[in-house]
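In what follows, a single structure is set out as C-alpha cells and then discussed.
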Amino acid sequence: MAATIVEKIFSRKCGRDIRAGEVVMAPVDRAMIHDITGPLAIEKMREMGGDRVFDPAGVIMLFDHQIPADSIQAAEIHQRMRLFAGEQGIGNLDLREGICHQVMMERGYAAPGEIVVGADSHTCMYGAAGAFATGIGSTDMGFVLRFGALYFRVPESIRCEVEGRFPRRVGPKDLILYITGAVGADGATYQALEFSGNTFSEMEMAGRMTCCNMAIEMGAKAGIVPPDETTWAYIRERRTMEPFDLQSDTDAEYTEFRSFCVDELEPQVALPHNVDRVVSVEETAGVRVDQVFIGSCTNGRYEDLSEAADVLGSSEFSKRVRVIVIPASREEYLKALRAGIIERFIEAGALVEAPCCGPCMGGAFGLLAPKEVSLSTSNRNFRGRQGSTEASIYLCSAATAAASAIYGEITDPREV
Amino acid sequence: MRLEGTAICLGEDVDTDLIIAGRYLRTKDRGLWASRAFEDLDPALAKRLKGAIIVAGKNFGCGSSREQAAIALKEAGVVAVIAPSFGRIFFRNAINIGLPLLECECGCTEGAHVRIDLGEGRVSIEGNMYRSRPLSPRMLEILLAGGLVELWRCRR
C-alpha cells in the first residue's frame, strides 16, 4: 500500500506497516533539551520515577536561549543542568556551540529515517535532513528521557510542490513566508508538510532548513524534504551512514496538494503580529525600522549572512537603526568570520553577538521599547515576542533585512 | 468527566507567548506563571481565571513548546479551554498535565455559565448545546488520571 515518507519512517521504526491517524509508541533516536524547557523535562522524568536517562548518548543538551547567563536565575538553571549532565553522563554542549537546531543539524544528530524530538517548537527544522523531527513539551520530554520512546499520532501530510528558479535576491525565506501566508497559521495543524519539486531539489541544505524550520508556524507537526543527493552529501560529512531510498510513493495519500512557482516570487514580509499576514515587500516599503535582527535558527547561517553582506556591499548601515547580527552557531560564525563577512558587518555599524537565540526569545537582550519597529529574519512576530507588547515585528529574509538596515526603512533588496 | 465554569471569551491565534511571556520562563515558580498568565493580552485577566472556562477562537496555544503556558492556566485555576483548534504542542502539553481541552466551535458570552461533558464531547453555554470533537480514549485516560505523570504513577 502506498505511503508518504512520514508513514514510511514510522513503519520502519515500528517494524510494521503504519498509516496516518494511527497512534503508536515509537522509539526516538535522539532527544534535545535546552535551557528554557530542559529543567522542567528533567523534573518530569524524575516524577515518573526515572533516575537515569534512557541513553546518555541519545540526549543532547545545550544552552542557547539565555547565554551567557543574563540573570542569576538563568545562571542557576545552567548550573543545575550541568550537574544533571555530569550525573547522567550526557555530553553537554553547554553554551559553546550555538542555537540548538543548527547544532543538531551540523553535528549530524538528525538523519534520513530517524525520529528526533526536541523540547522546542522549531525542532521541525531537522526535516531538512529527511528525519521526522518534532517539538514536544516538557512532560513528553520527561517521558522520552525516561523511556527513549513516545506516543505519536502519525500525521497526515500536505504536499507542497514548488517549481521554478528564485529571481535575484529572492530565496527560501521568501518562499516559506509566502507558503505560510497561503496555508495560514493553523492551515497545517496536526499534519506534516512535505516539500518537493525542482526548487527544493536544487535548494541547498541551508534553505531547506529555513523552510522546515517554519513548518510549525503553520501549525505543522513536522516539515520534511525527502532525502536526495544534497541531503546524503551533508550527512556523509558528519557521520557514517549508508544512503538508502526514502521517498513518498507517487500514489501516497495526502490531505492536500499545493503547488507554488518561484519564478516571479517577490521578497516577502510578514506583518505584525501574525506570521501568516504576508505581503510582498513593495507593500511595506518605507516603514521606518528601529532595529534589524539578522540571525536565529531560521536565518542565521553562513548563506544568510553572506547574502546580507552581498546586499550591504560597501555601504554603511543607517545610524538610525540598531543592527544586531547573530550567527546561528560557532561553525557558521567561523565561516562568516573567515570570509570577511563579520568584519564588513562591524565596519558598517552592526553589533555582532555570539551565537544564541538573541532577540528572538525576547528575554535576553535586544528588546524593543513601546512603538518601536523591528525587522527580523527570525520566525515569530507575535505581540511582545521581542520586548514591549506595543512594539511591532516584521519578518523577512536576510537580503531584505540588510537592504532595510542601510536605509532605515523597509526596502526591496532588488533595488539596492 | 463533567466540568463547569464561567466563560472567558478570547480571540483567535492566542499564542503561548501571550499565555506566558518568555521573560517569566527563567523561573520554576508556578505561582508566578499563574499570576502573569495573559499579562501581555490583558494584565487584569489572571485574577479572573479561577473557575473559568476559556472559550477561544481558532489556533489557541500556537507557537512555542513551553509547557509553562499550560501549567500557568492550570495553576491559575482554569477549568478547561474550548477552541475550534489548538496549537498541537500546547494541546499535548495540556492533556499531559491534566488540563482539559475541547475542540469545539461555539459562541461565547463573557461570564456565561459553561458546562462540559468530556466523555460525551458536549458543551452547553447558556442553554445552547454544542458538540465537540471527541477526545481519544488515551487522552481521556490521561485527563482522568490528572496527567501523564499521574497516569504513569497509577500504572506502576
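The values are calculated or read from the model by the stated rules, or taken from the named source; none is laboratory data. Because the structure is predicted, anything quoted here is derived from the model rather than measured. All Cβ positions, glycine included, derive from the backbone under ideal geometry; neighbour counts span all protein chains shown.
If you check residue A:264 against the conditions, is it more than 14 Å from chain B (Cβ to nearest Cβ) and more than 16 Å from residue A:206 (Cβ to Cβ)? Yes, satisfied.
Rundown of residues vs (1) within 20 Å of residue A:404 (Cα to Cα); (2) away from chain B (no Cβ under 14 Å), yes/no style:
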{"position": "A:315", "(1), (2)": "yes, yes"}
{"position": "A:328", "(1), (2)": "no, yes"}
{"position": "A:333", "(1), (2)": "no, yes"}
{"position": "A:336", "(1), (2)": "no, yes"}
{"position": "A:340", "(1), (2)": "no, yes"}
{"position": "A:348", "(1), (2)": "yes, yes"}
{"position": "A:363", "(1), (2)": "no, no"}
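Inside the stretch A:193-212, residues that are at negative phi, outside any helix (DSSP H, G or I) and touching a strand residue (DSSP E or B) at 6+ places or on another chain (Cβ under 8 Å) make up a count of 4.
Of the residues making up the stretch A:288-307, just one is surrounded by fewer than 23 Cβ atoms within 10 Å (Cβ to Cβ) and assigned to a strand (DSSP E or B), namely A:288. Among the conditions (1) under 20 Å from residue A:277 (Cα atoms); (2) within 14 Å of another protein chain (Cβ to nearest Cβ); (3) at pLDDT 95 or above; (4) assigned to a loop (DSSP other than H, G, I, E, B), the only one that residue A:393 does not satisfy is (4). One residue stands out in the stretch B:27-73 among those that are among the aromatic types (Phe, Trp, Tyr) and under 14 Å from the mean Cα position of the chain (by Cα): the one that is surrounded by the fewest Cβ atoms within 10 Å (Cβ to Cβ), namely B:38. Selection within the stretch A:365-380: residues that are touching a Phe, Trp or Tyr at 6+ places or on another chain (Cβ under 8 Å) and buried (at least 24 other Cβ atoms within 10 Å of the Cβ). The member of this set that is nearest to the other protein chains (Cβ to nearest Cβ) is A:378. Once the stretch A:69-102 is narrowed to residues that are part of a loop (DSSP other than H, G, I, E, B), more than 13 Å from chain B (Cβ to nearest Cβ) and in contact (Cβ under 8 Å) with a residue 40 or more places away in the chain, the residue that is farthest from residue A:335 (Cα to Cα) is A:95.
Find the residue count for the stretch B:78-117, including only residues that are within 14 Å of another protein chain (Cβ to nearest Cβ) and of a type in the set (A, V, I, L, M). Looking only at that region, the number is 7.
Reported count of residues in the stretch A:401-416, each being in a helix (DSSP H, G or I) and surrounded by 19 or more Cβ atoms within 10 Å (Cβ to Cβ), is 8. Taking (1) within 10 Å of another protein chain (Cβ to nearest Cβ); (2) crowded, with 23+ Cβ neighbours inside 10 Å in turn, residue B:12 satisfies each apart from (2). Condition check: surrounded by fewer than 22 Cβ atoms within 10 Å (Cβ to Cβ), outside any helix (DSSP H, G or I) and within 14 Å of chain A (Cβ to nearest Cβ). Does residue B:135 satisfy that? Yes; evaluated as a whole, the condition is true for this residue. Scanning the stretch B:38-57 for residues that are in a loop (DSSP other than H, G, I, E, B), closer than 30 Å to residue A:33 by Cβ and in contact (Cβ under 8 Å) with a residue 40 or more places away in the chain, we see that the one that is farthest from the other protein chains (Cβ to nearest Cβ) is B:49.
Let's see how each residue does on (1) modelled with pLDDT of 95 or more; (2) under 23 Å from residue B:27 (Cα atoms); (3) surrounded by 14 or more Cβ atoms within 10 Å (Cβ to Cβ); (4) not assigned by TED's automatic domain parsing to the domain that holds residue A:129:
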{"position": "A:54", "(1), (2), (3), (4)": "yes, no, yes, no"}
{"position": "A:60", "(1), (2), (3), (4)": "yes, yes, yes, no"}
{"position": "A:64", "(1), (2), (3), (4)": "yes, yes, yes, no"}
{"position": "A:73", "(1), (2), (3), (4)": "no, yes, yes, no"}
{"position": "A:78", "(1), (2), (3), (4)": "yes, yes, yes, no"}
{"position": "A:84", "(1), (2), (3), (4)": "yes, yes, yes, no"}
{"position": "A:90", "(1), (2), (3), (4)": "yes, no, yes, no"}
{"position": "A:93", "(1), (2), (3), (4)": "yes, yes, yes, no"}
{"position": "A:99", "(1), (2), (3), (4)": "yes, yes, yes, no"}
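In the stretch A:140-152, the condition of being crowded, with 21+ Cβ neighbours inside 10 Å, within 14 Å of another protein chain (Cβ to nearest Cβ) and outside any helix (DSSP H, G or I) is met by at least one residue. Residue pairs whose Cβ atoms lie under 6 Å apart, separated by 6 or more positions or on different chains, with the first residue in the stretch A:135-158 and touching a residue at least 40 places away in the same chain (Cβ under 8 Å) and in the same structural domain as residue A:253 (by TED's automatic domain parsing) and the second small (Gly, Ala, Ser) and assigned to a helix (DSSP H, G or I), are A:135/A:121; A:138/A:41; A:141/A:41; A:142/A:41.
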